[in-house]
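Asker: Once you've had a glance at the structure underneath, I'll fire off some questions.
Quick note: the coordinates plus some simple rules give every number you see, no bench work behind them. Nothing here was measured: the structure is a model prediction, and the numbers come from that model. Glycine gets a Cβ as well: all are built from the backbone with ideal geometry, and neighbour counts include every protein chain shown.
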Amino acid sequence: MRWKRTEYTGWGRAVHASAEIARPERLSSLRAVLSESPAPAIGQLRSYGDAALNDDGKVIDMTRLDRIIGFDAESGVVEVEAGAMIGDLGRIFAARGWIPPVMPGTGFATVGGCIANDVHGKNHHVVGSFGQHVTEITLFQGDKTRKVTPDRTADLFKATVGGLGQTGVIASAKISLMPCKGDMMVLTERRVDGWDEFLAALENSRADYNVGWIDATAKGSNLGRGILEEGEITSGVSPTIGRAREVPFNAPHWALSAPVVRMFNEAYYRRVPVGGRTTVKPISAPFFPLDAIHNWNRLYGKRGFHQFQCVVPVAEVQTLRQMLELVANSGLASPLAVLKRMGGGRAGYMSFPMDGLTLAVDFPNRSAARVLIGNLERMTEDAGGRVYLAKDALMAPERIEAMYPEHALWLKAVRKADPDGAMTTDLVRRLKLRAPS
Amino acid sequence: MSENWIILGATSSMARAFARGVSQRGDAVFLAGRDSDDLATTAQDCALRGARLAEALIFDARAPEGFAGLIARLEREEGQINAAVFVGSMPDQSEIDADPSLIQGIVADNFTGPAQFLQMLAPVLEARGGGTIVGVGSVAGDRGRVGNYAYGAAKAGFHTYLSGLRNRLTRSGAHVVTVKPGFVDTAMTWGIEGMFLVAPPEKVSEDILAAVKKRRNVVYTPFFWRYIMLIIRMIPEPIFKKMSI
């Protein structure tokens, strides 16, 4: 197998790595390359920070192992190679009445990545996290193959789901799909005037899917205003989907400067009529709104951006309000800010979700933004919450034990699974996740 | 009408993308190659993506004794029979310098193996009065270059063979499309120095499907390689022989 020296980044493009990359196209060549030189797996590089980076090391690109291996039409269990993209699965199966129960905000995420980050979707409050629907993982560890299941190998399963790829390379997995009526979604959008109204609206939403877009530039009495999106899957006739557009090059630094973002957010807010509106769309539109613009991360220019995403317990919701005030007053926010109610569903020791509220905000990569994100991380820790490692590139290692109380259990299982540390990545090194404590 | 495709060299990423493309239309796919485990997985994938039938078959370009069995299998299917040839191998020219006998294998994989198979298949297409053969060659076959002239020579032979086959089959209503890809992002080109304008296999597959539909004779994919190769072919030999491109 040839290795290709490549410069690459996570989705945020703020941190870089140079690694030797192998890209097997068959499971047999994946096995061969791993027995010769074990290395962590990468997929479509949709983690924002350094979760997929291994600077000066080797990585295995899994994107060519993307086949559907089998499907049981009785139980709805599908087996797929780890490089398959979740949006493809959704498209292929929704038309025949099944859907992945959990779909993250981008359809380009691979199944391997969805497992390794135990991702959540807009229906987390109903169905829980991705890993809760995984019934078996085929894990390659060097020249060994392990079948990992939630009941028979519970410890290894919990260390693998949300485990940032540290237990071995996920070659394929079985996922229990959910029956669905069709491949369309009835989407209701409503304006929400301010913070308290938003919390009440999220709490009272009875929809299967919901998410709040927040105008992170609005201050004072407008603080926390935004749009609540609620969706239910339905059947219907799907119009042909327009071709995806592409951001062809890095945007200049002022493209997302404060006045532009304020103007954009104002327009985005007013786009939804005062009385709200209901539309019917193909499911890909509400699930993956940004996938319609390829390489949208280039809008942040060549310095890239950071996403901060935290979850805090419901009782600490005033912390989120303080965070939003800080963000609004900083003038650093981008149009992308999302608020969502989360349930308690999680499947791994290092899984992100907790019963509470999650806030995600994008910031252009500037020193002021990095300082602000540091403050937000401290506030998250103080509130008993946690930062989402799939988005993170900045956090200090000291916060891990408080945010991830099951880290020690994870570490024990990881040391057994990968004693030589062959799966270590830049994120693991930065956060000292595998260092003796 | 129901169509059947036999895809030779179906473990390659270009062939996989093509197999998915025709599966989505509901055609039957016969995935032929040497790695039967891998082909069985691709067959499952094709079936779940909409193929009316997806079957893995063994094909080894260097073992022509197996060809008759494949043809017999295809003849059992009703409707139009098509073939797409993605077989090929490209060892480093330096490996060939070290072991010139490698040339035999290169010629068998890229030219004589597929040609012998197509020669046996041609009467079936003629008898059914239609069908399409897609032969994937390479821009490397357009002019011999210092970097990979053994491979290029085999592909050039295949191009000429396809041109003659097209000439023959057109009389019975069947059609032959010669495809000349430039650099494609496959396991064959992964990590090789000097690659540029590398196209994803899905793009090549789309181009091939469009060419089949329009009954094109010779297509370059992506299209701009037609012009790149036009220029390369126009360089006078006294100059070309001193270049290393």
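Asker: Rounded, prolate or oblate: which one fits the range A:1-88, using the alpha carbon gyration tensor with axes a ≥ b ≥ c (rounded when a/c is under 1.5, else prolate when a/b beats b/c, else oblate)? It would help to have the intermediate numbers written out before the result.
Answerer: Working: a/c = 3.08, a/b = 1.49, b/c = 2.07.
In terms of gyration-tensor shape, oblate.
Asker: Given the C-alpha centroids of the range A:40-59 and the range A:184-204, what is the distance between them in whole angstrom?
Answerer: The two parts, judged by their Cα centres, are 36 Å apart.
Asker: Under the definition of partner shielding as Cβ atoms of other protein chains within 10 Å of a residue Cβ, what is the mean value for peptide A:70-78?
Answerer: 1
Asker: Follow-up. Quick one: which residues, 5+ away or cross-chain, put their amide H under 5 Å from the amide H of B:ALA187? H built at 1.01 Å from N.
Answerer: The list, which skips near neighbours in sequence, is B:SER13.
Asker: Still on this structure: Looking only at A:VAL33, A:VAL260, A:VAL78, which one moves most when chain A is put into a Gaussian network model with springs between Cα atoms under 10 Å?
Answerer: Largest GNM mean-square fluctuation: A:VAL260.
Asker: Going down the table (A:LYS340/A:LYS432; B:LYS155/B:LYS242; A:LYS58/A:LYS432), which pairs top 26 Å between alpha carbons?
Answerer: A:LYS340/A:LYS432
Asker: To continue, here is another question. Taking the beta-carbon count within 10 Å as an exposure proxy, list A:GLU189, A:GLU203, A:GLU197 from fewest neighbours to most.
Answerer: Listing A:GLU189, A:GLU203, A:GLU197 from fewest to most nearby Cβ atoms yields A:GLU203, A:GLU197, A:GLU189.
Asker: Taking the Cα-to-Cβ direction at A:ARG378 and at B:PHE196 and moving 7 Å from each Cα, how far apart do the two end points lie in nm?
Answerer: Label-label distance for A:ARG378 and B:PHE196, simple model: 5.2 nm.
Asker: Got the relative contact order for chain A handy, in percent, Cα pairs under 8 Å and 6 or more residues apart?
Answerer: Averaging sequence separation for qualifying contacts and normalising by length gives 18 percent for chain A.
Asker: Using Cβ contacts closer than 10 Å as the measure, can you line up A:THR319, B:THR11 from fewest to most?
Answerer: Details: A:THR319 21, B:THR11 26.
Ranked by crowding around the Cβ, least crowded first: A:THR319, B:THR11.
Asker: Can you compute the charge dipole magnitude of the range B:3-240 about its Cα centre, using +1 on each Lys and Arg Cβ and -1 on each Asp and Glu Cβ, nothing else charged? Give it in debye, rounded to the nearest 20. Don't skip to the answer; put the middle values down first.
Answerer: Values: 24 positive and 25 negative charges, 233 e Å.
Its charge dipole is roughly 1120 debye.
Asker: Further, regarding this structure: From the square roots a ≥ b ≥ c of the eigenvalues of the alpha-carbon gyration tensor of the range B:76-120, which class results: rounded (a/c under 1.5), prolate (a/b over b/c), or oblate?
Answerer: It is prolate, given that a/c is not under 1.5 and a/b is the larger ratio.
Asker: Give the calculated FRET efficiency between A:SER367 and A:GLU406 to the nearest 0.05, with a Förster radius of 45 Å applied to their Cβ-Cβ distance.
Answerer: Values: r = 34 Å, r/R0 = 0.75.
My answer for the efficiency is 0.85.
Asker: I've got another one for you. Could you please state, rounded to a whole Å, how far the C-alpha centre of the range A:317-342 is from the C-alpha centre of the range B:13-92?
Answerer: For the range A:317-342 versus the range B:13-92, the Cα centre distance is 54 Å.
Asker: While we're here: Assign unit charges at the C-beta atoms only (+1 for Lys and Arg, -1 for Asp and Glu), then state the dipole size of the protein assembly as shown relative to its Cα centre in Debye, rounded to the nearest 20. Write down the numbers at each step before the final one.
Answerer: Details: 79 positive and 72 negative charges, 335 e Å.
The calculated dipole for the protein assembly as shown is roughly 1620 debye.
Asker: Oh, and also: For chain B, what does the alpha-carbon gyration tensor say about shape, rounded, prolate or oblate, given a ≥ b ≥ c as the root eigenvalues, a/c under 1.5 as rounded, and a/b over b/c as prolate?
Answerer: In terms of gyration-tensor shape, prolate.
Asker: For the range A:394-436, which semi-axes, largest first and in whole Å, follow from the square roots of 5 times the eigenvalues of its Cα gyration tensor? Walk me through the numbers before you get to the answer.
Answerer: Values: eigenvalues 61, 36, 8 Å².
Taking √(5λ) for each eigenvalue gives 17, 13, 6 Å, largest first.
Asker: Evaluate the charge dipole of the range B:113-215 about its Cα centre and quote only its size in Debye, nearest 20, assuming +1 on the Cβ of each Lys and Arg and -1 on the Cβ of each Asp and Glu.
Answerer: Around 480 debye, computed over the range B:113-215.
Asker: Could you tell me what a quarter of the Cα convex hull surface of the protein assembly as shown works out to, in nm² with one decimal place?
Answerer: Working: hull surface 126.5 nm².
Quarter of the Cα hull surface area: 31.6 nm².
Asker: Could you point to the residue in A:LEU336, B:ILE133, A:LEU324 farthest towards the positive end of the protein assembly as shown's charge dipole, with +1 and -1 charges on the Cβ of Lys/Arg and Asp/Glu respectively?
Answerer: Going by the Cα projections, it comes out as B:ILE133.
Asker: Select from B:ALA10, B:GLY33, B:ALA47 the residue farthest towards the positive end of the dipole of the range B:1-65; place +1 on Cβ of Lys and Arg, -1 on Cβ of Asp and Glu, and compute about the Cα centre.
Answerer: So the residue we want is B:ALA47.
Asker: Which of B:TYR227, B:TYR151, B:TYR220 has the fewest other C-beta atoms within 10 Å, and how do the rest follow up to the most?
Answerer: B:TYR227, B:TYR220, B:TYR151
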